[in-house]
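Below is one structure, written out as structure tokens; the observations come after it.
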Amino acid sequence: MKNFLRSELDILKSYSPGKPISDVKRELGLKEVIKLASNESPYPPFPEAIEAIWSARNEAYRYPDSGCVELKNKLASFLDVLESNLMIGNGSNELLRLLAQVCLNPGDEVIMANPSFIVYPTVTKIMNGVCREIPLKNHKHDLVKILDAVNDKTKIVFICNPNNPTGTIVTKTEVEDFLRNVPDGVMVVFDEAYFEYVDNKNYPNGLDYFSEDKQIVVLRTFSKIYGLAGCRIGYGIASRSIVSAVNKIREPFNVNHLAQVAAMASLGCKNQVKERKKLNLEQKFYLYKAFDEMGLDYVKSEANFILVDVKKDSREVFDKLLYKGIIIRTGNIFGLDYEDYIRVTIGTPEENKKFIKALREVLSSR
Ligand code: PMP
């Protein structure tokens, strides 16, 4: 029988998300399970967002506002950008795919770091694009090598800042040197999904480099510090021509109504965002200290997750932690260099304490 599926799909694997809590409870008969696997916020949406969702529940029989007009209006003043430079997506994931769809012709090249966010290769390959993956240097993007890799075929450079899975950042100076030299006609995408967590004065805000005449795109999300991962809503800032191209091909109602109202309400919660950032930092240092005590190396992170060298096959550690009701990510999915690493999302103080206790037990057992 003739295969009617596109041959490009043969080289793709489906996205494998962090194991869901419900699966682990069911499979292992556990009552309590802690998920530190998907870099979500360990805290629920802000009360204002929950209230907004509750108030909007009876409107769910109508299609949502296709243009996200009210949200764009609020975001524009929140970010000090024009509404016409905003695009809203069903998670920033959707925007990554749409960007690839509006830019890439078969054979066009896309440059990304390796390891970095695993969705970049997928969105490239479905467009028949070619991925040029540049190894991290000391767990960080090597912007010099990335620049060296740019050629006539390069269409997009993805800069994940902070990088998932390492939590490392590229600095202002590195970004400015890079942007000074990158040729026109190359779209530079700053994926800033973890922007709100960063506490480093050398961290560049991608928006500072954005202008109408440059192909610079900044992506952010409500999935992380705002705690709305389950609502699916993210946004991007791009030139009007990119935004209008994306508008041509996105689904008519790509962002659901409850997500829109929750996002709008969340934008008003600046102090609560600060509080969550502080809690994340405190807990990051709690985990660093515990890893130091255990003699484990880790990559210093600017985000809400940490990559830790557990000095043995991470799949074994994953399985043993799972039996104790703790879900983390194994490093093997990030390449050979990371097989002995686990990636753990920073949880609540209570979750982190339980994770450390379990990790100590797992690592001391044979
Ligand atoms: N970019 C990065 C770097 C991420 O880690 C994630 C989520 N894991 C996303 C984008 C997508 O987030 P969302 O679609 O939930 O906005």
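The values are calculated or read from the model by the stated rules, or taken from the named source; none is laboratory data. Here the structure is a predicted model, which means the values were calculated and not measured. Virtual Cβ from ideal backbone geometry, glycine too; neighbours counted across all protein chains shown.
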Fill in the blank from the handout: Across (1) within 12 Å of the ligand (Cβ to nearest atom); (2) surrounded by 20 or more Cβ atoms within 10 Å (Cβ to Cβ); (3) closer than 23 Å to Gly331 by Cβ, Ile118 clears everything bar (2)
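Within region 134-148, can you find the residues that are surrounded by fewer than 16 Cβ atoms within 10 Å (Cβ to Cβ) and either within 16 Å of the ligand (Cβ to nearest atom) or within 19 Å of Gly335 (Cβ to Cβ) (or both)?
Start the filter on region 134-148 by keeping residues that are surrounded by fewer than 16 Cβ atoms within 10 Å (Cβ to Cβ), which leaves 135, 137-138, 144-145, 148.
Result: Pro135, Lys137, Asn138, Lys145.
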Exercise for the section: Among the strands (runs of 3 or more DSSP E) lying completely within region 264-366, list those that include at least 1 residues that are of a type outside the set (Ser, Thr, Tyr) and within 21 Å of Lys25 (Cβ to Cβ). Expected result: 341-345
Handout entry: Residue selected from region 209-247 under the condition touching a residue at least 60 places away in the same chain (Cβ under 8 Å) and of a type in the set (S, T, N, Q), by the criterion farthest from Glu302 (Cα to Cα)
Key = Asn247
Completion exercise
Considering residues that are of a type in the set (Val, Ile, Thr) and part of a loop (DSSP other than H, G, I, E, B), the number found within region 196-252 is 3
Practice task
Could you look through region 162-196, keep only residues that are within 16 Å of the ligand (Cβ to nearest atom) and of a type in the set (Phe, Trp, Tyr), and pick out the one that is farthest from Phe305 (Cα to Cα)?
Solution key: Phe190
Handout entry: Condition check for Gly18: modelled with pLDDT under 95, within 16 Å of the ligand (Cβ to nearest atom), within 28 Å of Phe253 (Cβ to Cβ) and under 24 Å from the mean Cα position of the chain (by Cα)
Key = yes
Completion exercise
Considering residues that are within 22 Å of the chain's Cα centre (by Cα) and of a type in the set (Phe, Trp, Tyr), the number found within region 318-366 is 4
Practice task
Determine if region 2-25 includes at least one residue that is outside the structural domain of Ser314 (by TED's automatic domain parsing) and closer than 27 Å to Gly206 by Cα.
Solution key: no
Practice task
Just give me the residues in region 147-159 being closer than 23 Å to Leu98 by Cβ and either of a type in the set (A, V, I, L, M, F, W, C) or touching a Phe, Trp or Tyr at 6+ places or on another chain (Cβ under 9 Å) (or both), in sequence order.
Solution key: Val150, Ile156, Val157, Phe158, Ile159
Exercise for the section: Report, ordered by the first and then the second residue, all pairs with beta carbons closer than 6 Å, sequence separation of six or more or different chains, a first member in region 17-46 that is of a type outside the set (Val, Ile, Thr), and a second member that is surrounded by 11 or more Cβ atoms within 10 Å (Cβ to Cβ) and in a strand (DSSP E or B). Expected result: Lys19/Ile327; Lys35/Ile327; Leu36/Val344; Leu36/Thr345; Ala37/Ile327; Ala37/Arg329; Asn39/Phe305; Asn39/Thr345
Practice task
Quick one: Ala113 ticks every box in (1) of a type in the set (A, V, I, L, M, F, W, C); (2) more than 26 Å from Ala303 (Cβ to Cβ); (3) not in a helix (DSSP H, G or I) except a single one, so which number is it?
Solution key: (2)
Exercise for the section: Scan region 128-142 and give yes if some residue there is touching a residue at least 24 places away in the same chain (Cβ under 8 Å), hydrophobic (A, V, I, L, M, F, W, C) and not in a loop (DSSP other than H, G, I, E, B), otherwise no. Expected result: no
Handout entry: Test set (1) outside any helix (DSSP H, G or I); (2) of a type outside the set (Asp, Glu); (3) surrounded by 14 or more Cβ atoms within 10 Å (Cβ to Cβ) - Ser14 fails condition number
Key = (3)
Practice task
With the condition kept exactly as written, say whether any residue in region 50-70 is surrounded by 13 or more Cβ atoms within 10 Å (Cβ to Cβ), within 16 Å of the ligand (Cβ to nearest atom) and of a type in the set (A, V, I, L, M).
Solution key: no
Handout entry: Number of positions in region 55-88 that are assigned to a helix (DSSP H, G or I) and either touching a residue at least 40 places away in the same chain (Cβ under 8 Å) or out of contact with any Phe, Trp or Tyr (no Cβ under 9 Å at 6 or more places or on another chain) (or both)
Key = 18
Problem - All positions within region 221-263 that are under 18 Å from Phe78 (Cα atoms) and touching a strand residue (DSSP E or B) at 6+ places or on another chain (Cβ under 6 Å) - result: Thr221, Gly234, Tyr235, Gly236, Ile237, Ala238
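Within region 103-110, identify whether any single residue is in a helix (DSSP H, G or I), touching a residue at least 12 places away in the same chain (Cβ under 8 Å) and within 14 Å of the ligand (Cβ to nearest atom), and answer yes or no.
Our first condition is that a residue be in a helix (DSSP H, G or I); within region 103-110, this holds for 103.
Among the residues that remain, those that are also touching a residue at least 12 places away in the same chain (Cβ under 8 Å) are: 103.
Applying the additional criterion that residues be within 14 Å of the ligand (Cβ to nearest atom) yields none.
Checking region 103-110: not a single residue is in a helix (DSSP H, G or I), touching a residue at least 12 places away in the same chain (Cβ under 8 Å) and within 14 Å of the ligand (Cβ to nearest atom).
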